[in-house]
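For reference, the structure is listed below as structure tokens.
The values are calculated or read from the model by the stated rules, or taken from the named source; none is laboratory data. Since the model is a prediction, treat every value here as computed from it, not as a measurement. Cβ atoms come from the backbone with ideal geometry, glycine included; neighbour counts cover every protein chain shown. To get the accessible areas, we keep the full protein, side chains included, count just its heavy atoms, and leave off ligands, DNA and RNA. Shrake-Rupley method; radii C 1.70, N 1.55, O 1.52, S 1.80 Å.
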Amino acid sequence: MGADEAPKVPGPQPVTVAEHGAAHADAQAQAQAKSLPPGEPGKDYTPVVVPNGSTLPWKVVDGVKVFHLTAGPVQHEFAPGLVGTVWGYNGQSPGPMLELVDGDHIRVYVTNRLPEKTTVHWHGILLPNGQDGVSGLTQPGIPPGETVKYEFTVHQQGTFMYHPHFDEMTQMGMGMMGMIVIHPRNPKGPKVARDFSIMLTEWAIKAGTSRPDTNEMSEFNILTMNSKAFPGTAPLVVKTGERVRIRFGNLGAMDHHPVHLHGYQFRVVATDGGDVDPAGQQPETTVLVPVGSTRAIEFVADAPGDWAMHCHMTHHVMNQMGHGLPNMVGVDTGDLDEQMRKLLPDYMTMGPTGMGEMAEMGMKIPENSIAMVGADGPHGYIDMGGMFTVLKVRDGITSYEDPGWYAQPKGTEVVTASPEELKRDGIVIDPPPAVPANGTPSAPAATPGAAMPHEQHH
Ligand SMILES: [Cu+2]
């Protein structure tokens, strides 16, 4: 804004037009003067790991960290078998993570290669109003083909996000979002050895199609961590004894995600509003990550194994084919499948005994789609999909490459109960009710718990 455009400011001590203009022109220089030298990985911080993702590269020009984001269409693989035509940044969804240090002065160039306007809003970042990225409110939308410059100094630390603030429903539903991590300049507290960043979101892509339906409001069928659905999610690999931080962000359209970690208790140490005071860090095994929020959890990985980490909404650990089916659980389908196969050789009734074994049986699915759930695991089929990944904790590893599946120490596996054990512990197994396995008994079954003396039910 030129000095002659600056409005006169009414007030007890009005500044002159000339003073006001000069002050405005100096604002950026002053902000930069209050900034610190660019923070360096390895020296000022341990870089954050982005499973299935990347960190945005930068260069330093005259003490300023310079970044470049390009918004545009992306061909993105959600899991083997499903490639979507989505929108993202620099050829990725989510966009690459911005990794900064408190006091960094940054310039971010944003080029728009979308067919419509866009902006970038720096979610949770404390900055001058003009840099806030809200189309129409704080800046004009960036037209297709144009490049704008955002510039500010960061004076905070924690986990934040970036996303468009123009046609949000479409652009975020198409996958435009990314994480921002700002490390403290002088870290306090125990040092974290493994620091992970995971963006949660949701998509509506009808089986056999490739474009997200961004008008969808409730029927999301691809639930992702860093835009991957299990089995496309990369494991989080940690050495036994290391202190771990996991940062979650949620920029999905409609759903909050309670992310549950097996095998551990953790503390929620920070939100995008700042660090949680240690006295207020509630112990948890599940952290709710609301839409438009970040949460960081910490724990010491003292238990080796393959530990599941997943959203606990059961519909969020299913892939495309698990939604919108008629409920067949408990229905006696008789010779329906046999009759139907005379007409449709691949016919299979969906889920009369539940859905667990259907993906495993290799049901026929449309081209470019992913089955409900699943992948082969070390002990059979893992019938999970969507927001599911594995924390792999291993003794004495020297690399964070995927170590494969955990070999459980002998004597710690689940085994079939032997008759001797059943007898020793007084477990009496009632004969199964005389009805089909997928049916409901027509007569009341034996009194539940009859085999167990009541005094053991305290
Ligand atoms: Cu969820």
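With the structure loaded, tell me whether GLY449 is modelled with pLDDT of 95 or more, part of a loop (DSSP other than H, G, I, E, B) and at positive phi or whether it fails that test.
no
Could you check how many residues of segment 251-263 are crowded, with 19+ Cβ neighbours inside 10 Å and either in a strand (DSSP E or B) or of a type in the set (Phe, Trp, Tyr) (or both)?
Looking only at that region, the number is 3.
Say we look at segment 37-82 and pick out the residues that are among the polar types (S, T, N, Q) and not in a strand (DSSP E or B); which of these is surrounded by the most Cβ atoms within 10 Å (Cβ to Cβ)?
Filtering first and then ranking leaves ASN52.
Considering only residues that are assigned to a loop (DSSP other than H, G, I, E, B) and charged (D, E, K, R), which ones fall in segment 371-416?
Scanning segment 371-416 gives ASP383, ASP395, GLU401, ASP402, LYS410, GLU413.
Surrounded by 19 or more Cβ atoms within 10 Å (Cβ to Cβ), in contact with an Asp or Glu (Cβ under 8 Å, 6 or more places away or on another chain) and not in a helix (DSSP H, G or I): does that describe PHE166?
yes
Can you tell me which residue within segment 271-313, out of those that are among the hydroxyl-bearing types (Ser, Thr, Tyr) and assigned to a strand (DSSP E or B), is farthest from the ligand (Cβ to nearest atom)?
Restricting to residues being among the hydroxyl-bearing types (Ser, Thr, Tyr) and assigned to a strand (DSSP E or B), the top hit is THR271.
Filter segment 235-250 down to residues that are over 26 Å from GLN156 (Cα atoms) and part of a strand (DSSP E or B) and give me whichever is nearest to the ligand (Cβ to nearest atom).
Going through the qualifying residues, I end up with LEU236.
Scan segment 374-387 and report the pairs whose first residue is within 16 Å of the ligand (Cβ to nearest atom) and whose second residue is of a type in the set (Phe, Trp, Tyr) and open to solvent by 10 Å² or more (accessible area, probe 1.4 Å), with Cβ atoms within less than 7 Å and a gap of 6+ or a chain change.
From segment 374-387, the pairs are MET384/PHE230; GLY385/PHE230; GLY386/PHE230.
Answer with yes or no whether VAL181 is open to solvent by 30 Å² or more (accessible area, probe 1.4 Å) and in a strand (DSSP E or B).
no
Restrict the check to segment 186-205 and report whether at least one residue is assigned to a loop (DSSP other than H, G, I, E, B), within 25 Å of MET254 (Cα to Cα) and either of a type in the set (Lys, Arg) or open to solvent by less than 30 Å² (accessible area, probe 1.4 Å) (or both).
Our first condition is that a residue be assigned to a loop (DSSP other than H, G, I, E, B); within segment 186-205, this holds for 186-193, 204-205.
Filter again for within 25 Å of MET254 (Cα to Cα), leaving 204-205.
Of the ones still in play, those that are also either of a type in the set (Lys, Arg) or open to solvent by less than 30 Å² (accessible area, probe 1.4 Å) (or both) are 204-205.
Within segment 186-205 (the criterion being assigned to a loop (DSSP other than H, G, I, E, B), within 25 Å of MET254 (Cα to Cα) and either of a type in the set (Lys, Arg) or open to solvent by less than 30 Å² (accessible area, probe 1.4 Å) (or both)), the answer is yes, since at least one residue qualifies.
For SER210, all conditions in the list (1) in a loop (DSSP other than H, G, I, E, B); (2) of a type in the set (S, T, N, Q); (3) under 13 Å from THR389 (Cβ atoms) hold save one; what is the number of the exception?
(3)
Which of the residues that make up segment 108-126 are of a type in the set (A, V, I, L, M) and either in contact (Cβ under 8 Å) with a residue 60 or more places away in the chain or part of a strand (DSSP E or B) (or both)? If you could, list the steps in order and put the result at the bottom.
Here is the first cut: in segment 108-126, the residues of a type in the set (A, V, I, L, M) are 108, 110, 114, 120, 125-126.
Matches in segment 108-126: VAL108, VAL110.
Does segment 83-96 hold any residues that are within 18 Å of the chain's Cα centre (by Cα) and either within 23 Å of THR153 (Cβ to Cβ) or assigned to a loop (DSSP other than H, G, I, E, B) (or both), and which are they?
Listed by number, the residues that qualify are TYR89, SER93, PRO94, GLY95, PRO96.
Within the bounds of segment 127-145, is there any residue that is assigned to a strand (DSSP E or B), open to solvent by less than 10 Å² (accessible area, probe 1.4 Å) and either under 26 Å from HIS183 (Cβ atoms) or among the basic types (Lys, Arg) (or both)?
No.
Give segment 251-270 a look and list any residue that's within 15 Å of the chain's Cα centre (by Cα) and either among the aliphatic types (A, V, I, L, M) or more than 16 Å from the ligand (Cβ to nearest atom) (or both), or say none. First the steps, then the outcome.
The initial filter retains those residues of segment 251-270 that are within 15 Å of the chain's Cα centre (by Cα), namely 251-261.
Passing the criteria: LEU251, ALA253, MET254, VAL259, LEU261.
Working only within segment 410-438, note down all residues that are in contact with a Pro (Cβ under 9 Å, 6 or more places away or on another chain) and within 30 Å of TYR264 (Cβ to Cβ).
none
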